[in-house]
Each structure stands twice: as structure tokens, then as C-alpha cells.
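Accompanying notes for the structure given below.
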């Protein structure tokens, strides 16, 4: 049996198996029923390992052990395997989420918070900067930064950036708005952005910045997150941003934003 390495790699990625497991499993699928020795020879897996691998696959629900001598193994239909793996993944994820939720009620979070507070006090203000690579990391940090807002959040973004922020950050906008934080977003507004504007009506004040292209967020006149790339020309994986904790630069940039804001078009009701 010849199975391409590329196909084996895909199976490992999708099903979370190691190399020996995926080799034995595909060998058994090609036979339907087989012994450990036969599978070892077909899959080119050492016999000393084949029994451990088969036991692991049985526990994961990929195969069934047939009673009798010699012991044989039966392949579970792939569709059923997919369903079993989905259930296991969900179960493991639920366990981890519950564990993290319960962590909030323990002393661990308090101790970690104290360590972080003490560490921040030792940091020079100029050290509170960082590079953010990849849009996923950018939005994670944006969420953290916006959630810390006490007075104001100003955002300048693109049309597609506006759609992404409404999709990914709407709960955070709602949370800080309830605390009285003023949120303003400037973006090129169009028919495509109308629904996004409606979703944040009463929470965010929008203005149309026309053809101006910029991507930055300022929180409380203290922190800035700005993106270095045009999001229409860069793959999300290669998007790059910079986070700065600097009142001097933040206030200056917000003052320039405020001047531009006065000249921008208001959103029509």
C-alpha cells in the first residue's frame, strides 16, 4: 500500500494523530480487517510499536478489536470516525474552558495579577511598546486595549477594517460604552458598511473619512495601536501593527484626529 506523504500529513493535522497512528490506520482502512503483524508490514511500522499504536487508535474510536485468535482489528467507517473525533474535541475543549473559568475563582489569578502589577511598575514607559504580527494577534491586542478604556476610543480604519471590527469587537464596544466611554470611528462609508453602522447605532459615532487611508486606534489619549500595511494589499497572516503606551504621542495624534473629525461627513440617519 502506497499512501502519499502529503495525504498522511493532512490526516495527522485533521485528526490529531502521530505518524505511526496514521500509517496503521490507513493500512487498516485499505484492508478492512487485519492482524497487527500484517498491518505492521503494510504500514512499515516496527512490530514492537504496532500493538501500542493499535491500542491508542482503539481508545480514540478509530478501530475495533475483533475477539478471537489471532487478534484482528476492524476499521471504523471514516464518516463515523469524523463524528467521534468531533465529539472528543468538543468534550476536551469544554473541559479546558471550564477549568479556565474555575481559575477565576482561585487565588492563582490574584497572584498573577500582583506579579503583573509589580512588573509593570518596574517598566520604563518607553519599554511599553510592542510589534504585533498577524491580524489575529492584532485584534486580540486591540480587544485588550479597548477593554481598558475609561474615557475615549477613537478609531480610523478602512471599509473592510470597519466590517472586521464590528464582527470581532462589537461585544467590547458595547461593554465599554455602558461604562460611559465615548467611541468614535472614522472610515470610508458606503452601502457595504451600512449594516455594520446599524449594528453599532447608539454605541459608536461614525463619520465618513472619504478616500483617506489610515488604520489606528487611540485609547484614552494614552495608548495607540496602528497598522503599518494597507489591508487591501496584505494577507492577514502578514499584517503588522505597533502598540505604543505613550501619552505624549497619543495626545498629539488625537488632536490631529479631532481636527480632521470636524471636517468629516456625518452619517445620515
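In this structure, is residue 214 surrounded by fewer than 18 Cβ atoms within 10 Å (Cβ to Cβ), touching a strand residue (DSSP E or B) at 6+ places or on another chain (Cβ under 7 Å), in the same structural domain as residue 132 (by TED's automatic domain parsing) and outside any helix (DSSP H, G or I)?
yes
If residue 242 passes every condition in (1) in contact with a strand residue (DSSP E or B) (Cβ under 7 Å, 6 or more places away or on another chain); (2) farther than 17 Å from residue 137 by Cα; (3) modelled with pLDDT under 95 but one, which one does it miss?
(2)
Of the numbered conditions (1) without any contact (Cβ under 8 Å) to a residue 40 or more places away in the chain; (2) crowded, with 16+ Cβ neighbours inside 10 Å; (3) in contact with a helix residue (DSSP H, G or I) (Cβ under 7 Å, 6 or more places away or on another chain), residue 135 satisfies every one except a single condition; which is it?
Residue 135 satisfies every listed condition except (1).
Can you tell me which residue among 56, 50, 30 is more than 21 Å from residue 14 (Cα to Cα) and in contact (Cβ under 8 Å) with a residue 12 or more places away in the chain?
Answer to the check: 50.
Does residue 197 count as in contact (Cβ under 8 Å) with a residue 60 or more places away in the chain and in a helix (DSSP H, G or I)?
yes
Which numbered condition trips up residue 85, out of (1) in contact (Cβ under 8 Å) with a residue 40 or more places away in the chain; (2) assigned by TED's automatic domain parsing to the domain that holds residue 30?
(2)
Would you pick out the residues in segment 252-269 that are surrounded by 11 or more Cβ atoms within 10 Å (Cβ to Cβ), more than 16 Å from residue 155 (Cβ to Cβ) and modelled with pLDDT under 90?
If the condition is that a residue be surrounded by 11 or more Cβ atoms within 10 Å (Cβ to Cβ), more than 16 Å from residue 155 (Cβ to Cβ) and modelled with pLDDT under 90, then 265 is the only one that fits.
Which one is surrounded by the most Cβ atoms within 10 Å (Cβ to Cβ) among residues in segment 45-85 that are part of a loop (DSSP other than H, G, I, E, B) and under 38 Å from the mean Cα position of the chain (by Cα)?
By that ranking, first place goes to 62.
Of the conditions (1) touching a residue at least 40 places away in the same chain (Cβ under 8 Å); (2) surrounded by fewer than 19 Cβ atoms within 10 Å (Cβ to Cβ), residue 206 clears all except one; give me its number.
Of (1) touching a residue at least 40 places away in the same chain (Cβ under 8 Å); (2) surrounded by fewer than 19 Cβ atoms within 10 Å (Cβ to Cβ), only one is false for residue 206: (2).
From 173, 226, which residue is at pLDDT below 95 and either in contact with a strand residue (DSSP E or B) (Cβ under 9 Å, 6 or more places away or on another chain) or outside any loop (DSSP other than H, G, I, E, B) (or both)?
Among 173, 226, only 226 is at pLDDT below 95 and either in contact with a strand residue (DSSP E or B) (Cβ under 9 Å, 6 or more places away or on another chain) or outside any loop (DSSP other than H, G, I, E, B) (or both).
Could we say that residue 191 is under 27 Å from the mean Cα position of the chain (by Cα), more than 25 Å from residue 130 (Cβ to Cβ) and in the same structural domain as residue 132 (by TED's automatic domain parsing) here?
no
Which members of segment 231-269 meet the condition of being assigned to a loop (DSSP other than H, G, I, E, B), within 29 Å of the chain's Cα centre (by Cα) and in contact (Cβ under 8 Å) with a residue 24 or more places away in the chain?
Once the filter is applied, which keeps residues that are assigned to a loop (DSSP other than H, G, I, E, B), within 29 Å of the chain's Cα centre (by Cα) and in contact (Cβ under 8 Å) with a residue 24 or more places away in the chain, segment 231-269 yields 231, 232, 239, 246.
The values are calculated or read from the model by the stated rules, or taken from the named source; none is laboratory data. Just so you know, these numbers come straight off a predicted model, no measurement behind them. Glycine gets a Cβ as well: all are built from the backbone with ideal geometry, and neighbour counts include every protein chain shown.
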